[in-house]
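One structure below.
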């Protein structure tokens, strides 16, 4: 018998699958995409706070530059444009510090970038209506900020850059800039945006790759290598999380502690390889019991498993446990060395958190399940006991 | 989520990648050994980016070559071309030819290694030629702008395989060089007329450097995480030894290598005696601690770099040894058994010395062994050791 574990942890993970599939178009499958965007939303918040301070400071610096180089009769108009742009920037900054829904972040960021871009284009247009050598390069910096500094996705940043470029061309036409110069200037901005877009693609690709790797690492560290169930460490963590949640929301929480009967004898009789296979098949049964999002099936020892059922009444837990015992018996893995039955069987101890007078803590709950399991063993195995 | 990831990192003992991730790297510098590894990785990883960049540069520069004909059309029809026009066109085309000649460097694998060293030279050469060419435009009486330099600054901070620090240095060289060159070509009048351009240039350096900082930070994080992923995929999370998947992979590899040769692969299987009883009486926490210490002892006792110690089940461990014989392997297993016994970990409820002990079964590969048969023979020997009273090594025939 081959003892290659059938369950290759890597292939089963959505993150690993996405990694092998690739994401050249910068898009994950829907569920991962949502997860990715949510995480980006959180991590961009810090970046945006820095960027907005930086941006407002630069905008004010440009006011100073205006005073130095602007034609004096246009200075008033320039300042008016600068002030109008400053309003949404400051409002956005206020929201960033006071907190706002995550889904608003990227639209508002885009809005700010476009407003700043169009404001800058307006200033350039006004300048060009008097003096054709008025500098316009600042526009490119706005798009660059969109590509690299504010955490927009590539598609969003490109949209901003295109709107700014079109706005620029429209305003320049209004200002009566000669076609040739307009062409040269637009060409320059286009080249800059092209470079920015390619760089933005690379940045987003790296960020996405990074996202998948971190999530995959976490999964690997939390899984049991043989069965693909959660390992002891993540079980302990999850149990204490659920315990707190159950306390807060006054919901039920049950622990099913399971032990494979006479497993030592099975291993000695059939060999480790067969033992591993048996554990894998039992693990599949357990996994199917813990199907709801907050439930968990874990391998907590050599042949010991645990199932956490959240928001379940004691009667439900009992029913699930009975099903488990029956399903494992029905796997019909023959066990010649067992004194209980001719097939591999499971003993289960159940303990539930009580609403009226709950156990002291999650460890007490676990200890209760352990005692119940002991009773099941004493009572002849292949059965469920509860306390 | 991030805090949990950090908790995870602190559980990984002695891994330089995890340590670096935990320590952070705000200045974009790893500890020397990792930094070297990262630079090597970066040079290779960015080869695709350099290919894209050179094509992009060719396209953009080509657009400027074409726009020359349009912008200079009034001078081009003159009977006698002014000297500056020759210089201008030569300059433009030489750079184009230079860019084109970089293409084979990037496409031929044999020359690929030059591409990283060439990158800053190409960008800075291009930038300085932008200054000269545009000043020549000025000499010919055209309006001109040096905003092309901004594109070059963006290129310098492009993720082309240079580290952040190197890019920053190159940007400095580019900007200062452009000013010096401007003064040399156009005389003292250059600086005052270049004021606004300088301002935007420096702003561009600032904005692009910030972007590049973020990019390099992400890339470094990715580098560490990827190495960590490899590590996690082949290690057991509790003990840090190799896991079963990794052991099996290596053993199969070795057996394939030595097949047909007279070299043998040794396989030792260890099992902690009465571990279940220990767990039941002392609790899982203490049980884990014992497993960690046993793993440590096995790892310390397996000194040869090729030998691999692994945890392959709850309380089961294995050591595989490359190029060994029966006696040597038996002695190694015996040494390891003694080493664990010498830890004197108290195991109450046991007869005799009441310390944690190991039983071991060893097998040396013969000519037609595959992994499964070797494993099964070691397992049979382990079974024999258990039956012969535990805390001993048995070898298969």
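Only the coordinates and a few stated rules stand behind these numbers; no lab work does. Treat the numbers as computed from the prediction; the structure is a model and nothing was measured. In this analysis, Cβ positions are derived from the backbone assuming ideal geometry, glycine residues included, and neighbour counts consider all displayed protein chains.
Listed values, structure above:
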{"quantity": "Value of Rg/Rh across the protein assembly as shown [Cα atoms, Kirkwood radius]", "calculated": "1.11"}
{"quantity": "Share antiparallel - DSSP beta bridges, chain A, percent rounded to 5", "calculated": "85"}
{"quantity": "Chain A - convex hull of the alpha-carbon atoms, volume per residue in Å³", "calculated": "152"}
{"quantity": "Burial order of peptide ranges A:91-98, A:356-363 (average beta-carbon count within 10 Å, highest first)", "calculated": "A:91-98, A:356-363"}
{"quantity": "Rg [Å, one decimal], Dmax [Å, integer] - the range A:69-214, C-alpha atoms", "calculated": "16.8, 57"}
{"quantity": "Antiparallel content of DSSP bridges confined to chain B, in %, to 5", "calculated": "85"}
{"quantity": "Highest-first arrangement of B:97-106, A:273-282, where packing means the average Cβ count within 10 Å", "calculated": "A:273-282, B:97-106"}
{"quantity": "Where the Cα pairs of the range A:34-101 fall when distances are cut into 5 Å bins, in %", "calculated": "4, 15, 20, 17, 14, 11, 8, 6, 4, 2, 0"}
{"quantity": "Cα centroid of the range A:309-327 to Cα centroid of the range B:226-291, whole Å", "calculated": "35"}
{"quantity": "Shielding by partners - mean other protein chain Cβ count within 10 Å, residues of B:226-233", "calculated": "5"}
{"quantity": "Beta bridge orientation in the range A:277-387: antiparallel %, DSSP, nearest 5", "calculated": "60"}
{"quantity": "Rg(Cα) / (2.2 N^0.38 Å) computed for the range B:156-224, rounded to two decimals", "calculated": "1.37"}
{"quantity": "Sorted by Cβ neighbour density within 10 Å, fewest at the top, the residues A:113, A:169, B:54, A:67", "calculated": "A:67, A:169, B:54, A:113"}
{"quantity": "Cα long-axis angle, helix A:362-378 against chain A (0 to 90 degrees, to the nearest 10)", "calculated": "30"}
{"quantity": "Per-q log10 I(q)/I(0), the range B:2-232, q = 0.13, 0.17 Å⁻¹ (Debye; single scatterer per alpha-carbon; no solvent)", "calculated": "-0.85, -1.21"}
{"quantity": "Range of Cα positions in the range A:232-386 per principal axis (Å), largest first", "calculated": "48, 28, 22"}
{"quantity": "Average other protein chain Cβ within 10 Å of Cβ, residues A:220-231", "calculated": "4"}
{"quantity": "For chain B, alpha-carbon Rg over 2.2 N^0.38 Å", "calculated": "1.56"}
{"quantity": "Distance from the range A:143-209 to the range B:310-353 (C-alpha centre basis), Å", "calculated": "66"}
{"quantity": "Residue exposure sequence - B:375, A:374 - by fewest surrounding Cβ within 10 Å", "calculated": "A:374, B:375"}
{"quantity": "Extent along principal axes [Cα atoms of the range B:242-397; Å; largest to smallest]", "calculated": "49, 28, 23"}
{"quantity": "Alpha carbon centroid spacing (whole Å) that separates the range A:235-293 from the range B:7-67", "calculated": "42"}
{"quantity": "Folded to 0 to 90 degrees: helix A:179-222 orientation relative to chain A principal axis, Cα", "calculated": "10"}
{"quantity": "Rounded tilt (10° steps) of B:371-387 against the dominant C-alpha axis of chain B", "calculated": "40"}
{"quantity": "10 Å Cβ neighbours from other chains, averaged over peptide B:199-208", "calculated": "5"}
{"quantity": "Column: log10 I(q)/I(0), Debye, Cα scatterers of the range B:203-328, q = 0.09, 0.14 Å⁻¹", "calculated": "-0.42, -0.73"}
{"quantity": "Mean Cβ neighbour count within 10 Å, used as a protection proxy, ranking B:242-248, A:41-47 highest first", "calculated": "B:242-248, A:41-47"}
{"quantity": "For A:292, A:381, B:29, order by how many other beta-carbon atoms lie within 10 Å, fewest first", "calculated": "A:292, B:29, A:381"}
